[in-house]
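Chemist: Can you read through this structure? Questions will come right after.
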Amino acid sequence: VEKKRACVIVPWDAGRVLERHAELMLRGTTRTVTSRHLIGCALDLVLYVPGCGPSDKEPNWWAREVGGAIRACGLAWGGDWATFKDYPHAEMKVAALPAAGAAALAELRRDYARYFKPLKIELEQQAA
């Protein structure tokens, strides 16, 4: 008999500033310059199980319970990605992005050096 546990899913990191994103890139937590977190079109979901604390490391639970719900809402789920599984991540699909969001992502892609390179250098110097 499978024991059911109560849990709370908390939305997290729906809007991210460039400095925070650069820090996450340095840590390897994110791998993309054009994260939809930066334009408010993505969020991470934190699973909180009372008595156990927060967890984003339960892939079977995410796949069974949360991934399907995210897909049913018409969103892309990070657990479906082939190379970088990001189970807590949900984002608007490219076709659903507002025009301003798509333009902002294109600008980030074009201006990577202007946005991220100086931040990366600054953060690396602070860490040294």
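Chemist: What is the distance, in nm, between label points placed 7 Å from the Cα along the Cα-to-Cβ direction at Ala14 and at Lys93?
Modeler: 2.2
Chemist: Rounded to the nearest 0.05, what FRET efficiency is calculated for Glu107 and Val46 with R0 set to 22 Å and r the Cβ-Cβ distance? All intermediate terms of the calculation are to be shown ahead of the outcome.
Modeler: Details: r = 29 Å, r/R0 = 1.33.
Efficiency computed from Cβ-Cβ geometry: 0.15.
Read-outs: derived from the displayed coordinates by stated rules, not from any lab. Remember, it's a predicted structure, so these values are computed and weren't measured experimentally. Here the Cβ is made from the backbone with ideal geometry for all residues, glycine too, and neighbour counts use every protein chain on show.
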